[in-house]
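*Asks:* Here it is, the structure in full.
The values are calculated or read from the model by the stated rules, or taken from the named source; none is laboratory data. Note that the coordinates shown come from a computational prediction; the quantities given were computed from them, not determined experimentally. All Cβ positions, even for glycine, are placed from backbone atoms using ideal geometry, and neighbour counts span all protein chains on display.
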Amino acid sequence: MDTTVVGIDDSQGARAALAWAAKYAAATGSRLRVVHAYPFDISWIDAYAPEIPDWKKRARDAAEQTVNEVVGDVLAPGDREGIETAVVEGHASDVLHDEGENAALVVVGSRGRGGFAGLLLGSVSQRVAQHAACPVVIVPMPHPGEGA
């Protein structure tokens, strides 16, 4: 079975991408894999603040909470059956590049949480489109007032 991978964060663009990917996967019978990447480097914590407990676990827990909230916001309970979710440590474009190696399609939103809202494409969507091993769909941002 083919796999459709969708990269998400907690942005409106990610919600639009997830909604599109879920409809596409349902229409084509492909498996839907929802991926959230979280960059986390604890080397400075290990070296300078070893008494700070469980920072890596806290980061992963927050990433898992993001996935659960976004999936819960976008997909109806019946639409969640059979989807895979993955929380992966790393930069989003690198993680989605790796995920695309085994996917039939990668879906991303045109803009994430980055700071340059006026740009048409965010850095992650641009890098994924340039370097993916499979086709990529970039879902545009919803207009103000529109849902995902």
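*Asks:* Ala132 is checked against (1) closer than 16 Å to Val5 by Cα; (2) at pLDDT 90 or above; (3) surrounded by 12 or more Cβ atoms within 10 Å (Cβ to Cβ) and fails just one. What number does that condition carry?
*Replies:* (2)
*Asks:* May I pose another question? Look at the stretch 67-82 and say how many of its residues are at pLDDT below 95, surrounded by 15 or more Cβ atoms within 10 Å (Cβ to Cβ) and not charged (D, E, K, R).
*Replies:* Total meeting the criteria: 0.
*Asks:* Next question, about the same structure. In the stretch 75-107, which residues are part of a helix (DSSP H, G or I) and of a type in the set (Val, Ile, Thr)?
*Replies:* Residues of the stretch 75-107 that are part of a helix (DSSP H, G or I), as a first pass: 77-80, 92-100.
Scanning the stretch 75-107 gives a single hit, Val95.
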